[in-house]
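Bear in mind these aren't lab numbers, they're just calculated from the coordinates by the rules spelled out. Here the structure is a predicted model, which means the values were calculated and not measured. A quick note on method: Cβ atoms are made from the backbone with ideal geometry, for glycine too, and the neighbour counts reach across all protein chains shown.
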Amino acid sequence: MAVESPSVLVAESDRPGKARKGFWRRLVSSPGGVIGLAVVALLIVTALFADQIAPFSPTRMGAGRRLVEPSLRHLAGTDEFGRDMFSRIVHGARLTLQIGAIAVGISLTVGLALGLVAAYARGLLETILMRLSDVLFSFTETLIALACVAVLGPSLENAMIAVGIAGIPYYARTAYATALVEVSKPYFEGSVVAGAGPIRLILLHLLPNVMPTMVVVATLGLSSAILAAAGLSFLGLGAQPPAPEWGAMLSAGRDFFNRAPWLMLYPGLAIALVVLAFNLLGDAIREALDPHGRER
């Protein structure tokens with residue numbers, strides 16, 4: 001029996017490292033990827049060190065005079081209660097990151113599980129899961145989220161859960177379609193013939209090959225989740241006063257738009273910038289993971 005030489009074994013073991021380096025090289029070679037990564041990194045740093053960055057408490061009334069224009073003391077002005085807008089926007093980054101992570105975490109976890117089980121099980125279980133997904137998919141995510149909030153009640157926590165539930169059908173369909181391709185490949189059929197059990201087939205064969213696609217979907221889904229949660233807060237169904245959530249800040253600034261436009265300008269810019277960053281990052285990750293774009 002032929003024995004592989006040490007050089008071959010080293011080359012084989014080094015492939016994951018080369019793949020990771022190649023992925024990061026392709027990611028940072030994309031201008032959109034660099035911009036998206038930089039903004040997302042800034043968002044994470046801001047969320048982690050919000051208490052140190054913000055000069056005032058985000059909920060402290062009377063930190064300055066009411067409706068003061070942006071100045072050196074109040075970089076983004078003050079709101080109708082004299083609260084520092086810059087401090088509220090900085091702390092809002094923490095809520096935004098929390099909303100995106102929890103909502104997408106719910107959608108990804110449940111949707112991925114349903115998609116993988118349906119693709120592996122086939123038959124009646126596949127039909128039931130996918131038809132249920134199709135029924136939910138026929139409604140818009142906003143409508144599903146509104147229905148969930150109507151049942152659970154208006155709050156930031158319930159808004160995150162509602163947005164997460166609303167995204168499950170999309171993630172389930174994507175995972176199912178991707179897993180179906182993997183199920184039909186020779187390596188999977190060979191594992192079945194070799195006697196691998198359901199858990200091994202799903203966790204060790206389907207999951208690793210489906211995850212790259214789902215990572216892209218989840219990154220792009222973060223922007224949708226943030227927008228949806230901001231929309232619910234704007235309608236008064238998400239974050240409740242005095243929470244410094246950007247959508248709720250937009251809603252509160254409507255009545256003062258002519259007198260103090262900065263109350264809507266800065267939260268709106270923050271939402272737009274973060275959503276754009278996640279979209280750019282998601283597109284860059286998709287291109288970096290594209291096997292046709294990899295170096296051979």
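For the reader, a short list of remarks on this structure follows.
- Across all C-alpha atoms in region 179-282, the radius of gyration and Dmax reach 22.1, 72 Å.
- Distance between the pseudo-spin-label points of I44 and V215 (7 Å out from Cα toward the beta carbon): 1.3 nm.
- Charge dipole of the chain (Cα centre as origin; +1 on each Lys and Arg Cβ, -1 on each Asp and Glu Cβ, all else neutral): 360 debye, rounded to the nearest 20.
- Computed from label points 7 Å out along Cα-Cβ, the spacing between L125 and E80 is 5.4 nm.
- Shape of region 42-293, Cα gyration tensor, a/c cut at 1.5: prolate
- Sites E157 and I199, calculated FRET efficiency, Cβ-Cβ separation with R0 35 Å, nearest 0.05: 0.60
- Using alpha-carbon coordinates, inclination of helix 156-183 to the longest axis of the chain, degrees: 20
- Acute angle (nearest 10 degrees) that the helix 6-28 long axis makes with the longest principal axis of the chain, alpha-carbon atoms: 30
- Cα point-scatterer Debye curve for region 232-274, base-10 log of I(q)/I(0) at q = 0.15, 0.21, 0.29, 0.31 Å⁻¹: -0.31, -0.61, -1.01, -1.07
- Applying the criteria of a DSSP loop state and at most 11 other Cβ atoms within 10 Å to the GluC sites (Glu not before Pro) of region 222-296 yields E295.
- Loop-resident sites, region 37-141, for GluC sites (Glu not before Pro), counting at most 15 other Cβ within 10 Å (DSSP): E80
- Extension reserve of the F23-S71 stretch, reckoned as 0.36 nm per residue once the Cα distance is removed: 12.9 nm
- Put the Cα centre of region 106-156 next to the Cα centre of region 51-98 and the gap is 38 Å.
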